[in-house]
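To start, the structure itself, in structure tokens.
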Amino acid sequence: MTKTFAELGLSEQTLKALEDVGYQSPSPIQEQAIPPLLGGRDVIGQAQTGTGKTAAFALPIVEYVQHDLAEVQALVLTPTRELCIQVTQAIRVYGATHNVNVVAVFGGAPIRTQEAQLRAGGQVVVGTVGRVLDLVTRGSLVLHDCRFVVLDEADEMLDLGFLEDVEKILGRTPNGRQTALFSATVPTEIRALADRYLYEPLVVKVEAPTLTIDTVEQFALTVGAAQKEAKLVEVLRAERPEQAIVFVRTKMRCERLFRTLRDQGVDVRALHGDMTQGARDGVMLAFKSGRLPLLVATDVAARGLDISTVTHVINFDVPVSPDVYVHRIGRTGRIGRSGRAITFVEPRQEHALEAIVRHIGMDIVPWTEGAHTDAAPMKAPPRRHEKPQVARAADEPKQRLVISGGRAAGIDVAALVGAITHATGLDGEAVSDVRVLERFSLLSVPAAEAARVIEALDGTTVRERTVSVEPLALGQPAD
Ligand code: ADP
Ligand code: MG
């Protein structure tokens, strides 16, 4: 029997924030990690991508922080800038009813701005390893009172060679701190780090892969290397995915497939490690906001990112290992949703598919044109220049947006809806589930309009306050 959030020991205030976000019950990793973390224990939390690890530590942090103290009380270290931003947003939302100040620090942005933000007071700091170490070394980030430290996605820190820096940072925090480590996998180096820096940690492990791929319908199709591109177009036409990621093995193949699809008029972008950080951010934002239906990506570039709106994963190149397969398709069929995964297998790669089937212990059935008929109705892959649909069905996909500014700034529902209809020409009915919190507001707009709303409203003034608007990287209300 799943417990409720209240049964985990969270305060009324936090429960209110969760209600605003629309979470109905804790995920397994949350159910197991939150009570010991609230109780002050060190925890190693291991669960696959997409299982809700962020809230598993973010909710205890929100409860832990004393809002009448200005010092940095909690630190979350992340391997990448994307994750840093995602975690920051999440803590802000979960902490919205607590008035928690969260500062994000990451490379590739001016350090002085971040130093100023830290001076203005950050009770929780979320940062990438390199930038945090820089700031600590410069004396701009003081961790003397930081008694709650989280290493998020620790296995990726290992991949990126950050462990030594992580140790230096931990060395600057009080010995009596509470430390938690969350990761999809716990390789020996990470376990060794935990043995050195965590105190009698409780190991909380949610077994993969059943968690997320249970809800994914899995298909494979055998296709010769030379026919793959044509086959992909055929599959996209038949499946009509709302949003899909196509995984390829290398950066070069990624770029090539992207160009081929683009030249055929498909609305698609690429995501791979040779792109600049700025270009990657742009693609991610477009994808998350729902305005980009198709992404061609390499494993590394897309790893660890929460892309909860994805309906389809297509393995254009068969994954190099069963683990990679689970990692890829775990991106669809997130909590409360179902997804479809289609794997292309070249004739000489049949053994790789067999290894995957053995590993996951589930059937992967042959894909055929008709295999999609029982799926929910979905949009055709939009083509460039095609007009967005205007009819507003009750079940059309929505995007939740976070607006900086809430009751404290005099913002109310009418002001928000008014600003949006005025700036975009949308009718008021397009804006739904508006929640005005103390310092933030949340609302939903049709996913297809989200980018337009963000563009029109971001940086404008509502009730004499300049607001920023961002897509919420969190699950949508369940109903
Ligand atoms: P992980 O870090 O394990 O990869 P995330 O913390 O990024 O996973 O969460 C994945 C998605 O699940 C996010 O969109 C998040 O908003 C959503 N989510 C997390 N917890 C819940 C919950 N209890 N109910 C519904 N959705 C949730
Ligand atoms: Mg995570």
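The table below lists the values:
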| read-out | value |
| --- | --- |
| V223 in contact with a strand residue (DSSP E or B) (Cβ under 7 Å, 6 or more places away or on another chain) and within 29 Å of A448 (Cβ to Cβ) | no |
| Only one of V320, V296 that is of a type in the set (A, V, I, L, M, F, W, C), at pLDDT 80 or above and out of contact with any strand residue (DSSP E or B) (no Cβ under 7 Å at 6 or more places or on another chain) | V320 |
| Of residues in the stretch 259-275 being part of a loop (DSSP other than H, G, I, E, B) and surrounded by 14 or more Cβ atoms within 10 Å (Cβ to Cβ), the one farthest from the chain's Cα centre (by Cα) | D267 |
| Which listed residue is under 30 Å from V300 (Cα atoms) and buried (at least 20 other Cβ atoms within 10 Å of the Cβ), from D165, D159, D152 | D152 |
| Number of the exception - F106 against (1) touching a residue at least 40 places away in the same chain (Cβ under 8 Å); (2) in contact with a Lys or Arg (Cβ under 6 Å, 6 or more places away or on another chain); (3) not aliphatic (A, V, I, L, M) | (1) |
| Of residues in the stretch 169-190 being exposed (fewer than 14 other Cβ atoms within 10 Å of the Cβ) and in a helix (DSSP H, G or I), the one farthest from ligand 1 (Cβ to nearest atom) | G171 |
| Output for the stretch 36-57, where each listed residue is in contact with a Leu (Cβ under 7 Å, 6 or more places away or on another chain), part of a helix (DSSP H, G or I) and surrounded by fewer than 20 Cβ atoms within 10 Å (Cβ to Cβ) | P36 |
| Qualifying position, being aromatic (F, W, Y), more than 13 Å from D42 (Cβ to Cβ) and more than 16 Å from ligand 1 (Cβ to nearest atom), among F148, F162 | F162 |
| Candidate set from the stretch 72-83 (those that are away from ligand 1 (no atom under 12 Å from the Cβ) and modelled with pLDDT of 95 or more); member that is farthest from F440 (Cα to Cα) | L77 |
| Single match in V43, V21, V100 (criterion: in contact (Cβ under 8 Å) with a residue 24 or more places away in the chain, more than 15 Å from ligand 1 (Cβ to nearest atom), aliphatic (A, V, I, L, M) and in contact with a strand residue (DSSP E or B) (Cβ under 8 Å, 6 or more places away or on another chain)) | V100 |
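Let's see how each residue does on (1) surrounded by 21 or more Cβ atoms within 10 Å (Cβ to Cβ); (2) away from ligand 2 (no atom under 15 Å from the Cβ); (3) in the same structural domain as S404 (by TED's automatic domain parsing); (4) of a type in the set (V, I, T):
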site: Q86; (1), (2), (3), (4): yes, no, no, no
site: V100; (1), (2), (3), (4): yes, yes, no, yes
site: T113; (1), (2), (3), (4): no, yes, no, yes
site: Q117; (1), (2), (3), (4): no, yes, no, no
site: V124; (1), (2), (3), (4): yes, yes, no, yes
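The values are calculated or read from the model by the stated rules, or taken from the named source; none is laboratory data. Quick caveat, the model's predicted, so the values are computed rather than measured. Because the Cβ atoms are built from the backbone with ideal geometry, glycine has one as well, and the counts that use them run over all protein chains shown.
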